[in-house]
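Working notes, beginning with the structure itself.
The values are calculated or read from the model by the stated rules, or taken from the named source; none is laboratory data. This is a predicted model, so every value here is computed, not measured. Here the Cβ positions follow ideal geometry from the backbone for every residue, glycine too, while neighbour counts run over all protein chains shown.
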Amino acid sequence: MNNLAIFSGNSNIPLAQSICDNLNIPLGKITLKKFSDGEISIKIDENVRGRDVFIVQPVSFPANDNLMELILILDAARRASARRITAVIPYYGYGRQDRKVEPRVPISARVVADLIQSMSPDRVLTMDLHADQIQGFFHIPVDHLYYSPVLIEYLLSKNLPDLVVVSPDSGGAERARFLGKRINASLAIIDKRRQRANESEVMNVIGEIDKKNCIILDDMIDTAGTISKAAAALLEKGAKSVICCATHGVLSGEAVDKLNSVNFSEIILSDTINIPETKKINKLKKISVGKLFANAIDRIHNEESISSLFI
């Protein structure tokens, strides 16, 4: 694999290292600095001419800095004559702004796609986009990975009886239904009404959850308002236990306090976003997606199918 090179920005070095460990290759050498005025400086410290380069950089907090790092590393790799460049974006920031919901607002997810494409990467590798149609914002191939196979394997290993997969809103019902079929669980949906951005009010629970082990499934946890209120409603209506599952742990604002205020049996997150040690979440179980990304990168490098990973 001498022709394969993987580099990382500052966003999630542990995940990049995990990917490299699974591929049995060293993480590429790169220097990233920030000047006193906030400008970012990038230098790739090894030869990438003619190599297959993968740049690992989730666009997570601080999103603007991490997006700028990604763009600059892409440009550096292109100017250094890399043969092929893949932007590996485990968490696609701005993904929730994928359409116009009121007059005179941008479609920010499309703007981010345009910014990334302006640096001429050959393809994008990402995971659990907030909206599948974001793939269509790119004019280059997008390989879309799913956390579900990793999550299904772990949940099945727990051998929990009386399972119900709960979607925290109607929009996530298809995702919850897919997981439920794979782990032999029924489906429930939280009917909520959002009053304003990042706030939600639980209205009703649709489905049978009394004396059931409930698994709340979402693509991300941001402020944790939705998940926490949903869990409280389930427990109030007689749920035996509540497990929280999400791919992306954004965890902004008071998210950690909200999660710790609810009696979750377990909180399962991936490592698409690096969760710092300062965010101490009770009963947190992190399941790495490093091996899954490593398998995908290996298949891209060897011109093999990605979809066969999920058959």
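The criterion of being within 17 Å of the chain's Cα centre (by Cα), surrounded by 15 or more Cβ atoms within 10 Å (Cβ to Cβ) and either in the same structural domain as VAL250 (by TED's automatic domain parsing) or closer than 20 Å to PRO14 by Cβ (or both) does not hold for ASP298. In the set (1) closer than 17 Å to THR272 by Cα; (2) modelled with pLDDT of 95 or more, the condition left unmet by ASN24 is number (1). Condition check for ASP45 on (1) surrounded by fewer than 18 Cβ atoms within 10 Å (Cβ to Cβ); (2) over 12 Å from GLY28 (Cβ atoms): one failure, at (2).
When residues in the range 1-42 are screened for being assigned to a loop (DSSP other than H, G, I, E, B), surrounded by 15 or more Cβ atoms within 10 Å (Cβ to Cβ) and more than 19 Å from the chain's Cα centre (by Cα), 3 of them pass.
The C-beta contact set for the range 225-244 (first residue under 18 Å from GLY180 (Cβ atoms) and not assigned by TED's automatic domain parsing to the domain that holds ILE152, second residue at pLDDT 90 or above and of a type outside the set (Val, Ile, Thr), distance under 7 angstrom, 6+ apart or interchain) is empty. When the range 140-171 is limited to residues that are assigned to a loop (DSSP other than H, G, I, E, B) and either at pLDDT below 95 or not assigned by TED's automatic domain parsing to the domain that holds ALA76 (or both), the one that is surrounded by the fewest Cβ atoms within 10 Å (Cβ to Cβ) turns out to be ASN159.
Filtered by the rule that a residue be in a loop (DSSP other than H, G, I, E, B), surrounded by 15 or more Cβ atoms within 10 Å (Cβ to Cβ) and not aliphatic (A, V, I, L, M), the range 269-282 gives ASP271, THR272, ASN274.
Across the range 301-311, what is the number of residues that are out of contact with any strand residue (DSSP E or B) (no Cβ under 6 Å at 6 or more places or on another chain), more than 20 Å from ARG51 (Cβ to Cβ) and surrounded by 11 or more Cβ atoms within 10 Å (Cβ to Cβ)?
So the first thing to find is which residues in the range 301-311 are out of contact with any strand residue (DSSP E or B) (no Cβ under 6 Å at 6 or more places or on another chain), and the list is 302-305, 307-311.
Next, only the ones that are more than 20 Å from ARG51 (Cβ to Cβ) stay: 305, 307-311.
Imposing the further condition that a residue be surrounded by 11 or more Cβ atoms within 10 Å (Cβ to Cβ) reduces the set to 309-310.
Total satisfying the criteria: 2.
Which of the residues that make up the range 111-133 are farther than 19 Å from ILE221 by Cα and in a helix (DSSP H, G or I)?
Residues of the range 111-133 that are farther than 19 Å from ILE221 by Cα, as a first pass: 111-125, 133.
Within the range 111-133, VAL111, VAL112, ALA113, ASP114, LEU115, ILE116, GLN117, GLN133 qualify.
To keep it simple, each residue is scored yes or no on (1) part of a loop (DSSP other than H, G, I, E, B); (2) surrounded by fewer than 23 Cβ atoms within 10 Å (Cβ to Cβ); (3) outside the structural domain of GLY253 (by TED's automatic domain parsing).
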| position | (1), (2), (3) |
| --- | --- |
| ILE55 | no, no, yes |
| PRO58 | yes, no, yes |
| PHE61 | yes, yes, yes |
| ASN66 | no, yes, yes |
| ILE71 | no, yes, yes |
| ALA76 | no, yes, yes |
| VAL88 | no, no, yes |
| TYR92 | yes, no, yes |
| ARG96 | yes, yes, yes |
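Taking VAL256, is it surrounded by 13 or more Cβ atoms within 10 Å (Cβ to Cβ), touching a strand residue (DSSP E or B) at 6+ places or on another chain (Cβ under 8 Å) and closer than 29 Å to ASN159 by Cα? So VAL256 does not fit the description; no. The residue list SER36, SER11, SER18 contains one member that is under 23 Å from ALA80 (Cα atoms), assigned by TED's automatic domain parsing to the domain that holds PRO90 and of a type outside the set (D, E, K, R), which is SER11. All conditions in (1) at pLDDT 95 or above; (2) surrounded by fewer than 20 Cβ atoms within 10 Å (Cβ to Cβ) hold for SER120, with the sole exception of (1).
Restricting the range 227-251 to residues that are farther than 22 Å from LEU155 by Cα and at pLDDT below 90 leaves a set whose member that is surrounded by the most Cβ atoms within 10 Å (Cβ to Cβ) is ALA233.
Considering only residues that are surrounded by 14 or more Cβ atoms within 10 Å (Cβ to Cβ) and closer than 17 Å to ALA224 by Cα, which ones fall in the range 283-295? Can you show your working first?
The first filter runs over the range 283-295 and keeps only residues surrounded by 14 or more Cβ atoms within 10 Å (Cβ to Cβ), leaving 283-284, 287-295.
Listed by number, the residues that qualify are LYS283, LEU284.
Which one is nearest to TYR147 (Cα to Cα), of the residues in the range 221-252 that are among the β-branched types (Val, Ile, Thr) and part of a helix (DSSP H, G or I)? Show your work before the answer.
Going residue by residue through the range 221-252, those that are among the β-branched types (Val, Ile, Thr) are 221, 223, 226-227, 242-243, 247, 250.
From what is left, the residues that are part of a helix (DSSP H, G or I) are 226-227.
Numbers: THR226: 20, ILE227: 18 Å.
So the residue we want is ILE227.
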